[in-house]
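The structure that follows is given in the form of structure tokens.
The values are calculated or read from the model by the stated rules, or taken from the named source; none is laboratory data. Because the structure is a prediction, the values reported are computed rather than measured. Don't worry about glycine lacking a Cβ; one is built from the backbone with ideal geometry, like all the others, and counts go over all protein chains shown. Side chains included, ligands, DNA and RNA excluded: accessible areas come from the protein's heavy atoms. Shrake-Rupley method; radii C 1.70, N 1.55, O 1.52, S 1.80 Å.
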Amino acid sequence: CALLLSPVSAQEGGAAVPADRPADRPADRAAAEPGKSGEPVVLPKVVVTATRTEKDPFAVPAIVELLDRDNLRDRRVVRTLPEALEEIPGVMVQKTSYGQGSPYLRGFTGFRTLMLIDGIRLNNSVFRDGPNQYFNTVDPFSIDRLEVVKGPGSVLYGSDAIGGTVHALTRGPDRDDESGFHWERRLYYRYASAEHSHIARAEVSGPLGEDLGVFLGLTGKDFGDLAGGREVGRQRKTGYHEGAADFKLDYRLGPGEKIIFAHQRVDQDDAWRTHRTVYGISWEGTAVGNERKHVFDQDRDLTYLQYHAYDLGGLVDAIRASVSYQGQYERQARVRSDGRADNQGVSVRTTGAWIQLESPSAVGRWTWGGDFYFDNVNSFNRRYDASGGFLGRAIQGPVADDAHYALAGVFAQDEIPVTERLDLILGGRCTYARVSAHDVADPQTGARISLKNLAGDPRDNETLVTRRRARNPY
């Protein structure tokens, strides 16, 4: 049983425009003009992820699913981003726990599926090849539109888009060409009895001047223990807490030109991996875990500045550029069956930049550009005896400590109309990756390994790998 109250809102102004399509583009100005009845005209749906340019969903050479904010909030009444993908044909979502979820696109998950937020990569160098929990750090209530591209997108986005790409385009100030920015206030509340959960969302959007608009959203989530039915009963240690905030400024420089500054934060606390603990429940003969505690906390911060310019009319007709800083943090607290405990975690701070340009040509339209991301990775693992006494620090946490990872790529794509019903798309990408790591434990011997400035696979650079025995076994 669920109770949904939405929307409780007040607004002024005319037609809504998708977040990535500024209303001051000529096509949008025509579409946004009210008809004779005074009703706003609804803009046609477009997708930008499959080809990095605006296309009708039917015209793109890929299987694309499009979910708007009304679909996510009011029809599907989603709890998390992974759950928003569950009903899409060809997508399967794996949940290690109630606070985690990992989608499979075309049979791939982990680092073989790519998650973008306003064009910025969520994926980083610590993503596992199997299911992971990072998609849960994107608040579905901050999303204006969700585009899911099933199938390879490696030319435009890199090798981790082999299974597919999920692109979240987030909410921003509402604006139309007739009245500019307009005020909107919205409250949202969701209650579900099966999980004793409460989700509340408050948003405010409006002008701070003739050309400047602001958007602010706050989300609070409190999930209780999940009820599994008459025979299963209440599943202990499945609930958790989460808070999220998103902020965006949109400044119009001129017709078809704007700057966007945004910040997002998600904080998830006490998400248990119950199946590994004594609180798990056997299902069809599955074994119950023996750990006394296995809890995850994870946070994500993203700050970015973007420049968008359209219909420039020169050699370069459109420009999109972005610089960003993103921090992802995860911490695990575990108590084993014998009382021994460990606290381990990873922090990844990513500096990113990308630029995309569109140029008309005699034989088609070029989309070209490049991207660069640099990860600064730190990890830790502290161990304790059954009485709480400190035993020491491990050489590393779940991944290498004091590590760096650089990823750069350039791409180009040409869309050539062959006939009225046939387009030829040619493209290519060149990617460069470099890793540097210190304080790495050999998985076989426990020795300390130092990896310095390795390009490609470290196993192909054995002469650059130096080993020395660890002074501390922890």
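Hey, could you check region 311-353 for residues that are open to solvent by 40 Å² or more (accessible area, probe 1.4 Å) and of a type in the set (Ser, Thr, Tyr) and say which is nearest to Asp385 (Cα to Cα)?
Ser337
While we're looking at this one, here's another question. Could you tell me whether any residue of region 295-310 is open to solvent by less than 30 Å² (accessible area, probe 1.4 Å), among the basic types (Lys, Arg), closer than 30 Å to Phe247 by Cβ and touching a residue at least 60 places away in the same chain (Cβ under 8 Å)?
Yes, region 295-310 has at least one match.
For region 391-445, enumerate the residues that are aromatic (Phe, Trp, Tyr), open to solvent by 60 Å² or more (accessible area, probe 1.4 Å) and in contact (Cβ under 8 Å) with a residue 40 or more places away in the chain.
Tyr405
Also: Give Pro89, Pro131, Pro103 a once-over and let me know the one that is out of contact with any strand residue (DSSP E or B) (no Cβ under 7 Å at 6 or more places or on another chain) and more than 24 Å from Tyr304 (Cα to Cα).
Within the list Pro89, Pro131, Pro103, the selection yields Pro89.
Determine if region 235-248 includes at least one residue that is of a type in the set (S, T, N, Q), closer than 22 Å to Gln328 by Cα and either assigned to a strand (DSSP E or B) or out of contact with any Pro (no Cβ under 6 Å at 6 or more places or on another chain) (or both).
Taking every residue of region 235-248 in turn, none turns out to be of a type in the set (S, T, N, Q), closer than 22 Å to Gln328 by Cα and either assigned to a strand (DSSP E or B) or out of contact with any Pro (no Cβ under 6 Å at 6 or more places or on another chain) (or both).
Going through Met115, Met92 one at a time, which residue ends up being within 16 Å of Gly164 (Cβ to Cβ), without any contact (Cβ under 8 Å) to a residue 40 or more places away in the chain and not in a loop (DSSP other than H, G, I, E, B)?
Residue meeting the stated conditions: Met92.
Is one or more of the residues making up region 60-69 among the small types (Gly, Ala, Ser) and buried (at least 19 other Cβ atoms within 10 Å of the Cβ)?
No, region 60-69 contains no residue that is among the small types (Gly, Ala, Ser) and buried (at least 19 other Cβ atoms within 10 Å of the Cβ).
Another question about this same structure. Scan region 53-99 for residues that are over 30 Å from Arg234 (Cα atoms) and among the hydroxyl-bearing types (Ser, Thr, Tyr) and jot them down.
The one that is over 30 Å from Arg234 (Cα atoms) and among the hydroxyl-bearing types (Ser, Thr, Tyr): Thr53.
I want to confirm something. Restricting to region 269-294 and keeping residues that are basic (Lys, Arg) and touching a His at 6+ places or on another chain (Cβ under 7 Å), which single residue is most open to solvent (accessible area, probe 1.4 Å)?
Arg276
This table checks each residue for (1) more than 28 Å from the chain's Cα centre (by Cα); (2) more than 21 Å from Asn123 (Cα to Cα); (3) part of a loop (DSSP other than H, G, I, E, B).
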{"position": "Ala386", "(1), (2), (3)": "yes, yes, yes"}
{"position": "Gly397", "(1), (2), (3)": "no, no, yes"}
{"position": "Asp423", "(1), (2), (3)": "yes, yes, no"}
{"position": "Arg429", "(1), (2), (3)": "no, no, no"}
{"position": "Ala437", "(1), (2), (3)": "no, no, no"}
{"position": "Pro443", "(1), (2), (3)": "yes, yes, yes"}
{"position": "Ile449", "(1), (2), (3)": "yes, yes, no"}
